[in-house]
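Here's the structure, in structure tokens; my notes come after.
The values are calculated or read from the model by the stated rules, or taken from the named source; none is laboratory data. Remember, it's a predicted structure, so these values are computed and weren't measured experimentally. Note that each Cβ is placed from the backbone with ideal geometry, even for glycine, and that neighbours are counted across all protein chains shown.
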Amino acid sequence: MLMPIFRSEAQARILAWLLLVPDREQPIATLASVAEVAQPNTLREVNRLVEGGLLRERRAGNTRLVAANTASPYFEPLVQILGRAYGPAVMVPQELAEIPGIELAVIIGSWARRYQGEAGPPPNDVDVIVVGSPQPRALRRANARLEEQLGVPVQITVVTPEDWAEQPTGFLQTVHSSPYLTVLDNTGAEQ
């Protein structure tokens, strides 16, 4: 786990997804996908978090929508912890989504390894590979905002779609053979 103070990895991912974007309101099915667990497990986690006052819920027809409870006295401290531990999975795609020319964005390195469950020390930085041809200035601005939001250095490397597919360098071969987390996919391919 990236932050072993939470009851489960699923709970931490649900909290990060909702608290780091507090105006986000999501159905249980979406949260199950985010948490990478079955819907019944997600429902149990959400029920605990609603009962604890960390999340709020409302009904829209037959759909139960869940969002951050920003009035909770624990909201701000949890945002700080979750932002540091889980923020890259939420904030990187949010920052890069509006930049034209990005086909794919993946987080690599120690942060991706910890997120995928590999044991080790907490990551001190976030490494991102952007596949495509984004405008450099827009990418630099997004990089600066990410560093400010996450509180750690963020290194963004741009590669062409051809290089990403063909892996002509040792660096890209290592990336493909190591754990990485796809956070943005504008290729239309299923992940």
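Assorted remarks:
- Single condition Asp23 does not satisfy, out of (1) loosely packed, with under 14 Cβ neighbours inside 10 Å; (2) free of Cβ contacts under 8 Å to residues at least 40 places away in the same chain; (3) farther than 30 Å from Pro121 by Cβ: (2)
- In the set (1) over 30 Å from Leu139 (Cα atoms); (2) in contact (Cβ under 8 Å) with a residue 24 or more places away in the chain, the condition left unmet by Ala89 is number (1).
- Residues within segment 106-143 that are within 23 Å of Ser33 (Cβ to Cβ), small (Gly, Ala, Ser) and surrounded by 13 or more Cβ atoms within 10 Å (Cβ to Cβ), tallied: 1
- No other residue among Glu98, Glu103 is surrounded by 17 or more Cβ atoms within 10 Å (Cβ to Cβ) and not assigned by TED's automatic domain parsing to the domain that holds Trp17 apart from Glu103.
- Residue list for segment 9-45, restricted to those being over 23 Å from Pro88 (Cβ atoms) and in contact with a helix residue (DSSP H, G or I) (Cβ under 8 Å, 6 or more places away or on another chain): Ile28, Ala29, Ala38, Gln39, Asn41, Leu43
- Glu162 being surrounded by 15 or more Cβ atoms within 10 Å (Cβ to Cβ), at pLDDT 95 or above and acidic (Asp, Glu): no
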